[in-house]
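Taking it in order: structure first as structure tokens, then the write-up.
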């Protein structure tokens, strides 16, 4: 089969690889229905994260189970499944505490931008749908695998409550789905920071009530003006840079909550600034597995359409163009069909 | 009157000053019954925090109201009152949100190591007791003014829940009262980090079930051993250094909570370490005013005896010796009587 390998900055190749096999008795093999490119893939693509040689890419996936190891009890061949980017046994103390993405047996999925994928800890990691979903639902189900689950965690970790005023920093797919999640959780006012018209439009469609196009401290000032100088109740930091983190912290009220869900790159937090900022801070790898049953339900019942973040669809063989379009901000998120 | 002034590193003087007066119509004047030296006073005392010239000291106090400004409605002369180290109007959005220590009109109290103290925003800041309390209750009521309220916030901000496993980093008075607070909130296992026998003893008396004498990463390893490699549910960071903060974060389970209540000195938090640590982080100036009614109640009803942290009592005129004893760790906390 051919799969996606990153060789170095902006050097994505779709090339012949060995097909994955069942290696552990707890594995499943998935025939990928749709996969996609993640905002986090752009860090190494842009050369901002070191590579250990040629690196297989992709961690968002859904599809049909082709085979399972002999210890797999819950997942069956022929089922349509969605899994998280982090494997989990769903039974360890961290899983039980609600943090499957920090499962003591966690592995991070790679190699999902391919036709066939090995998923370790299949019983704990994968969630089947009732029957095989129709094709039009695939983008939204795929979104649940990471970008929706991560946006949902951003809203959950920022303690979004009914009636709250919420800020979303970052207009990538995670930020946009943070808007959708905050709306689902009952936020009254959702301020999205974005200076790109198509993303502003989608943010509004997902529930944003206000758009702030200013960035950095000018953006913070605008938000303070909009909140009587007090700040927002909850801020979702969906970028992972020092600038975005400080925007979120500075725009949040004393006692409010800031979440961060993008792997921080070069972020250093000053203890005294945090202390006098008086915010709650929570983040990390999103515990997507915990949310999957609920998110799949919302999608299948037509309550949410997170698949709208895919504004470019390509055959998997054109994955390199999928990366380029996102890198150049011509696309919010690229869906790939093997 | 004579009052306490810090002139420079280890140069505390008790010297003639002007008596405070009512300056604003919302002020009260308090005749101090007892006051004390705070762990945070030791930062400038040790030269670790720059001074802007001679600095009046002290921010923990209780006593009898001597006079009030004409806009003060709730507090009356003759009442015995306890106040927080941070003034608050108790009506602004931050106060209403539960963060009076970030009141939009906040001032930090200084000059409390003196016989007479001006307290701004008296109605919002001070809480009267029913009648004049007996002398034996004064240490515990004084503790409520800061060190107990701060330990209570440490436990509250670290989400201590009934049945929880809790770590307290720091065996100063705040840490010890963090132990007491965690116990009151129903923690099942309370691990205190301390290598000083008298403080270990008091920690046990306040409810610690385990003592860890190792420090730094060796201490973290011990705690991981004690918690099946998972970490504690809640960690209370009651020191304010990089080392203590990292001890607390590293010893906390994924999804657990870390609070920090001492002003951080030289603390820088790495974004990725926080991200993969997966902890909740919350701290800042303790909203003592919010807790005061409850804490005063617990003291007056004999439920808690936080005043035990005072293991040295001196006349206010000997305040310099009070600082020295704490600096040299001969005393946990010095109570001063004008």
- Over segment A:272-286, the set of residues at the interface with chain B (Cβ under 7 Å from one of its Cβ atoms), closer than 18 Å to residue B:268 by Cβ and within 24 Å of the chain's Cα centre (by Cα) is A:281, A:283
- Message: Filter segment B:215-236 down to the residues that are surrounded by 24 or more Cβ atoms within 10 Å (Cβ to Cβ) and in a loop (DSSP other than H, G, I, E, B) and list them by number.
- Response: B:231
- Given segment B:102-214, what strands (runs of 3 or more DSSP E) lie entirely inside it while holding 1 or more residues that are outside the structural domain of residue B:27 (by TED's automatic domain parsing)? B:165-169, B:189-193, B:210-212
- Query: Are there any pairs, at least 6 apart or on different chains, whose C-beta atoms fall under 7 Å, with the first in segment B:64-84 and in a strand (DSSP E or B) and the second modelled with pLDDT under 95 and exposed (fewer than 15 other Cβ atoms within 10 Å of the Cβ), and if so, which?
  - Reply: none
- Filter segment B:228-242 for residues that are touching a strand residue (DSSP E or B) at 6+ places or on another chain (Cβ under 6 Å) and either closer than 17 Å to residue B:188 by Cα or within 9 Å of another protein chain (Cβ to nearest Cβ) (or both) and give the result. B:230, B:231, B:232, B:233, B:234, B:235, B:236
- Message: I'm told residue A:21 meets every condition in (1) within 19 Å of residue A:121 (Cβ to Cβ); (2) surrounded by 13 or more Cβ atoms within 10 Å (Cβ to Cβ); (3) touching a strand residue (DSSP E or B) at 6+ places or on another chain (Cβ under 8 Å) except one. Can you identify the failing condition by its number?
- Response: (2)
- So, in segment A:96-114, of the ones that are over 17 Å from the mean Cα position of the chain (by Cα) and in contact (Cβ under 8 Å) with a residue 40 or more places away in the chain, which residue ends up surrounded by the most Cβ atoms within 10 Å (Cβ to Cβ)? A:114
- Item | Enumeration of residues in segment B:243-258 that are more than 10 Å from chain A (Cβ to nearest Cβ) and either under 17 Å from residue B:275 (Cα atoms) or over 19 Å from the mean Cα position of the chain (by Cα) (or both) | B:243, B:246, B:247, B:248, B:249, B:250, B:251, B:252
- Task: Tally the residues that are in a helix (DSSP H, G or I) and either on the phi > 0 side of the Ramachandran plot or within 16 Å of the chain's Cα centre (by Cα) (or both), restricting the search to segment A:324-334.
- Result: 1
- Hey, could you check segment B:144-182 for residues that are more than 17 Å from the chain's Cα centre (by Cα) and free of Cβ contacts under 8 Å to residues at least 40 places away in the same chain and say which is nearest to residue B:215 (Cα to Cα)? B:163
- Could you tell me which of the residues A:88, A:140, A:145, A:101 is away from chain B (no Cβ under 14 Å) and either under 19 Å from residue A:28 (Cβ atoms) or out of contact with any helix residue (DSSP H, G or I) (no Cβ under 8 Å at 6 or more places or on another chain) (or both)? A:145
- Message: Can you tell me which condition residue A:268 does not meet? The list is (1) buried (at least 23 other Cβ atoms within 10 Å of the Cβ); (2) in contact with a strand residue (DSSP E or B) (Cβ under 7 Å, 6 or more places away or on another chain); (3) within 14 Å of chain B (Cβ to nearest Cβ), and all the others hold.
- Response: (1)
- Task: Considering each of B:307, B:240 in turn, give the residue that is part of a loop (DSSP other than H, G, I, E, B) and within 17 Å of the chain's Cα centre (by Cα).
- Result: B:240
- Are any residues in segment A:85-94 in contact (Cβ under 8 Å) with a residue 60 or more places away in the chain and outside any loop (DSSP other than H, G, I, E, B), and if so, which ones? A:86
- Picking from A:288, A:212, A:239, the residue that is in contact (Cβ under 8 Å) with a residue 40 or more places away in the chain, closer than 17 Å to residue A:179 by Cβ and crowded, with 20+ Cβ neighbours inside 10 Å would be A:239
- Message: Being part of a strand (DSSP E or B) and within 26 Å of residue B:145 (Cα to Cα) is the requirement here; does residue B:298 meet it?
- Response: no
- Query: Is one or more of the residues making up segment A:309-328 over 21 Å from residue A:182 (Cβ atoms) and modelled with pLDDT under 95?
  - Reply: no
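The values are calculated or read from the model by the stated rules, or taken from the named source; none is laboratory data. Given the structure is predicted, the values throughout are model-derived calculations rather than measurements. With ideal geometry, Cβ positions are generated from the backbone for all residues, glycine too; neighbour counts draw on all protein chains shown.
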